[in-house]
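The values are calculated or read from the model by the stated rules, or taken from the named source; none is laboratory data. Quantities reported herein were computed from a predicted structural model and do not represent experimental measurements. All Cβ positions, glycine included, derive from the backbone under ideal geometry; neighbour counts span all protein chains shown. Heads up: the accessible areas ignore ligands, DNA and RNA and are worked out on the full protein's heavy atoms, side chains in. Shrake-Rupley method; radii C 1.70, N 1.55, O 1.52, S 1.80 Å.
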Amino acid sequence: MRAAAPVRVEPWDAHNQALVANVHPPDWVNPTPAPRYNLVVLGAGTAGLVTAAGAAGLGAKVALVERDLMGGDCLNVGCVPSKGLLRSARAVADVGGAAAFGVRVTGGAAVDFAAAMERIRRIRAGLSPLDSAARFRGLGVDVFLGAGAFTGRDAVAVGDATLRFKKAVIATGARAAVPAVPGLAEAGYLTNETVFSLTALPRRLAVIGGGPIGCELAQAFARCGAQVTIVQTGAQLLGREDPDAAALVRAALGRDGVRLLLGASVRRVERSAGGRTLHVDAGGALETLEVDTILVGVGRKPNVEGLGLEAAGVAYDATAGVRVDDRLRTTNPRIFAAGDVCTEQKFTHHSDFQARLVIRNALFLGRARASALVVPRCTYTDPEVASVGLDPPAASARGLRVTTFVQPLAEVDRAVLDGETEGFVKVHVRAGSDQIVGATIVARHAGELLPELTLAITRGIGLGRLADVIHSYPTQAEAIRKLGDAYNRTRLTPTVKRLFAAWLRWTR
Ligand SMILES: Cc1cc2nc3c(=O)[nH]c(=O)nc-3n(C[C@H](O)[C@H](O)[C@H](O)COP(=O)(O)OP(=O)(O)OC[C@H]3O[C@@H](n4cnc5c(N)ncnc54)[C@H](O)[C@@H]3O)c2cc1C
């Protein structure tokens, strides 16, 4: 079998060489295919890796095909490097705000961008053995490096090899969508695939798109010292999120010096002597924006091209991705899909849990439903915005009436002590009950607070019951217990109050 085509990740330093040695080894020789596999998995991002490891662990004969870097977006150009950069950004913001805590910092604080990026590359390389070709071979998986494509309803080709399967999983992920703006391609731009290769900080950065990726990276670059402008078509940043949450993120970005052009669209881009010029229609007023670099973060496009989906009888859509039913089965009953290629909620943890579901449904006649998954999400700006379940408009669209309980962090001792009072915990319960249907948290570590509410939704634990859970004092998680108390107070109706008073009088 042929050796894998070499892949480089810039800058080609020791860290990236170590990364590539794990996730796309240059000397990798694909194995001789088995006569037939229980499962062929296309794509070795989170969805593919979890499917392959889980299935092989249960005794299945599995082939895993990856054309680029194992680990996919999350490890290489997504969660890992972005959260690494945000950590450096948080460190400099903390030092800059230290005076509020009585800490004097002489000489000021500044990010050494090259060092911050090197830290990310080092951490990424350090995490990569877990996703490596060698590890998966050790798990008994046949790892094929190369682009895979279906050649029929039960076969995949990778280079010269043909992999025959009983079942297959499409886990080919997604890539950055690029808006059709005249001149953008010629002027050049970065996406998540290239931005983490930077070693020098762009002085002026335009971020097109104010969703989670745009907001996280805009804040990170601004805190690192760049002049950042977000151009966002919608009137609200983080358009999917609770408007109160989005407003707090907007305020935070403003404090970090990020300029926001909301309700604005880029009409045209051209290269200029100093870099790039964006012609922006900002609510009717035309504005020219001079920057060094453009970062595009306007959403994700599923990787459905070149997969031979027609030959396999798998229906798909260029925007929504591979069409699946609630069991994650495609229009070819032998073939399933998982992760970004087939879902609207494009998160690593969602890919992971879809993969677990696919193992059961594809190999063990399972009937697990994707719609039954409770999928939390978090945007890692400072403060973070974490949500789960339905917000009031989504609940109302399903005919559910909700009552909302809000606990501002300004009334939570730990948040006050930490100087992190900006935020809230908002819980929506089904009107007339304590059944939690959704929640949004804005807090510095909202993502760490949300799981208690995700657990409550997943296991049907009512908000009133959360008041029974003792939370250590002082913690920000006490906000959730306080909401439990707030719910229980609503049960103290005038009649109940009168009965209690009568009992206490009688027993005095
Ligand atoms: C900047 C950024 C930050 C993010 N941060 C977070 C976060 O903090 N938390 C979170 O939960 N999610 C985050 N995400 C989303 C997360 O990265 C994705 O949801 C996750 O990686 C999806 O996993 P996947 O396996 O479906 O797809 P991918 O990770 O995209 O993997 C698909 C793999 O398939 C391979 N492939 C494609 N076509 C072929 C082919 N024909 N043959 C062989 N292989 C093929 C690709 O090379 C790729 O390796 C972030 C994304 C970005 C871009």
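Taking a probe of 1.4 Å, how large is the accessible area per residue of region 224-263, in Å²?
Details: 1700 Å² over 40 residues.
That works out to 42 Å² per residue.
Arrange the residues Y37, Y487 by how much accessible surface each exposes, largest first, with a 1.4 angstrom probe.
Values: Y37 5, Y487 30 Å².
From most exposed to least exposed: Y487, Y37.
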Work out from phi, with θ = phi - 60° and the Karplus expression 6.51 cos²θ - 1.76 cosθ + 1.60, the ³J(HN,Hα) of each residue of region 164-172, listed in order in whole Hz, and give x for Gly and Pro. 8, 9, 7, 9, 9, 10, 8, 9, 8
Restricting to bridges with both residues inside the chain, how much of the DSSP beta-bridge set is antiparallel, in percent to the nearest 5? 65 percent
With a 1.4 Å probe and all protein chains left in place, how much accessible area per residue does region 116-163 have, in Å²? 41 Å²
Area accessible to solvent at S371, 1.4 Å probe radius, in Å²: 80 Å²
Quick one: Cα centre-to-centre distance for region 21-55 and region 293-368, in angstrom? 17 Å
Leading residue at positive end of dipole, the chain (Cβ point charges), from G97, S272, F405: F405
Stretch T151-E310 to full length: gain in nm at 0.36 nm per residue minus the Cα-Cα span? 56.3 nm
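Tell me which trypsin sites (Lys or Arg not before Pro) from region 373-407 have a DSSP coil assignment and no more than 13 other beta carbons within 10 Å of their own.
Working: sites: R377, R398, R401; in loops: R398, R401.
Hits after loop and neighbour filter: R398, R401.
Taking square-rooted eigenvalues a ≥ b ≥ c of the alpha carbon gyration tensor, is the chain rounded, prolate or oblate, where a/c under 1.5 means rounded and, failing that, a/b exceeding b/c means prolate?
oblate
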FRET efficiency for S472 and D13 from the Cβ-Cβ distance with R0 = 56 Å, rounded to 0.05, comes out at 0.85
For region 122-279, averaging the sequence separation of alpha carbon pairs under 8 Å that lie six or more residues apart and dividing by its residue count, the contact order in percent is 17 percent
Relative contact order (percent) for region 241-373, with alpha-carbon contacts under 8 angstrom and 6 or more residues of separation? 12 percent
Between D418 and A185, what's the calculated FRET efficiency when r is the beta-carbon distance and R0 is 51 Å? Round to 0.05. 0.65
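Mind checking the dipole of region 81-210: about its Cα centre, +1 per Lys or Arg Cβ, -1 per Asp or Glu Cβ, Debye to the nearest 20?
On the way: 17 positive and 9 negative charges, 74 e Å.
Dipole size: approximately 360 debye.
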Taking N as the number of residues in region 435-508, what is its Cα Rg relative to 2.2 N^0.38 Å? 1.38
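Using unit Cβ charges (K, R positive; D, E negative) and no other charged atoms, how large, in debye to the nearest 20, is the dipole of the chain about its Cα centre? Walk me through the numbers on the way to the answer.
Working: 59 positive and 47 negative charges, 337 e Å.
Taking the Cα centre of the chain as origin, the dipole is about 1620 debye.
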Along the charge dipole of the chain, Cβ charges K/R +1 and D/E -1, which of A109, G308, F336 sits furthest on the positive end? F336
How much of the accessible area of the chain, probe 1.4 Å, is carbon plus sulfur, in whole percent? 53 percent
At most 12 other Cβ within 10 Å, DSSP loop - chymotrypsin sites (Phe, Trp or Tyr not before Pro), region 271-374: F364
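Find the accessible area per residue for region 290-444; the probe is 1.4 Å, ligands and nucleic acids are left out, and the unit is Å². Please report the intermediate quantities before stating the final value.
Values: 6630 Å² over 155 residues.
Using a 1.4 Å probe on heavy atoms only, each residue of region 290-444 averages 43 Å².
Using only the heavy atoms of the protein chains and a 1.4 Å probe, how would L75, L286 rank by accessible area, largest first?
Values: L75 10, L286 140 Å².
I get L286, L75, largest accessible area first.
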Cα-based reach from K167 at 30 Å (exclusive), listing lysines while leaving out same-chain residues under 8 positions away: K61, K301, K346
Can you give the accessible area of T32, probe radius 1.4 Å, in Å² rounded to 10? 110 Å²
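What is the chain's relative contact order, in percent, from Cα pairs under 8 angstrom and six or more apart in sequence? Working shown, then result.
Numbers: 1090 pairs, mean separation 64.2, N = 508.
Over the chain, the number comes to 13 percent.
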